[in-house]
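Bear in mind these aren't lab numbers, they're just calculated from the coordinates by the rules spelled out. Keep in mind that this is a model prediction, so the values were computed, not measured. Because the Cβ atoms are built from the backbone with ideal geometry, glycine has one as well, and the counts that use them run over all protein chains shown.
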């Protein structure tokens, strides 16, 4: 991984994003917006997951945030959960590290841009393994801490990154335990690109079935999902062109331009 710095962190009052982590404002803006930018971005982030979900499957999303996923997942048995208590959630006050659901309850679990917020990732993966049925799937969309993402987060002073952490250690939190919105966008890289570490700590419970880098400019020009910033409104024609450019540059230079990552983990036992 290319790095502009090993560690960059910001306090919440330095953040240059607007309506920071306010799910109600995010939902109001999203459903009233005339611009297609954010909807296009989220369609790309979630629609691919339908390939791994069958009609009668039962599944949840953990860390649902503003809950836009339901607009894109074509499954009648899909429910939203989060640590919060927002009205749009099907299950409220659910900690993804200790959900309280019964063993082998779900055929699939969606985790979108939330692993890098979790204080103890290894607890999360064990909990997902526990609540998934045999051959169940953990469908992940996560940040990829590319050069562009490192620069963007440094400019906006949003979340930050720390490549020095030992993600396999369970004694020290990887994010602020008292702030559910605090994040470290280096965490997915530290987990999924450390092949030896993954094999040792997670390889006995999850196989990596799919792993693909994605998105750059459609994210930068989205205006933000939960936290907001300025963007250039575009119609679907131009967004498709932008997405085409993204697919080319991310495929050739993932560690420079790739800002997202699609991952499917399949439960082994």
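A compact table of results
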read-out: Share, in percent, of DSSP beta bridges within the chain that are antiparallel, nearest 5; value: 60 percent
read-out: Burial ordering of 143, 12, fewest other beta-carbon atoms within 10 Å first; value: 12, 143
read-out: Inter-part distance where the stretch 1-28 and the stretch 86-107 are each reduced to a Cα centre, Å; value: 26 Å
read-out: Highest-MSF residue in the chain out of 110, 148, 248 [GNM, Cα springs under 10 Å]; value: 248
read-out: Fewest-first sequence of 31, 120, 210, 108 by Cβ atoms within 10 Å of each Cβ; value: 31, 210, 120, 108
read-out: The chain, relative contact order in percent, only Cα pairs under 8 angstrom and at least six apart counted; value: 25 percent
read-out: Anisotropy class of the stretch 213-263 from Cα gyration tensor, a/c 1.5 cut; value: oblate
read-out: Selected from 81, 153, 164 as most flexible by GNM, with the chain as the system and alpha-carbon contacts under 10 Å; value: 164
read-out: Cα-based convex hull, the stretch 122-198, per residue volume (Å³, whole number); value: 120 Å³
read-out: Listed residues 259, 114, 122, most fluctuating in the chain (Gaussian network, C-alpha, under 10 Å); value: 122
read-out: Residues 261, 126, sorted so that the one with the fewest Cβ neighbours within 10 Å comes first; value: 126, 261
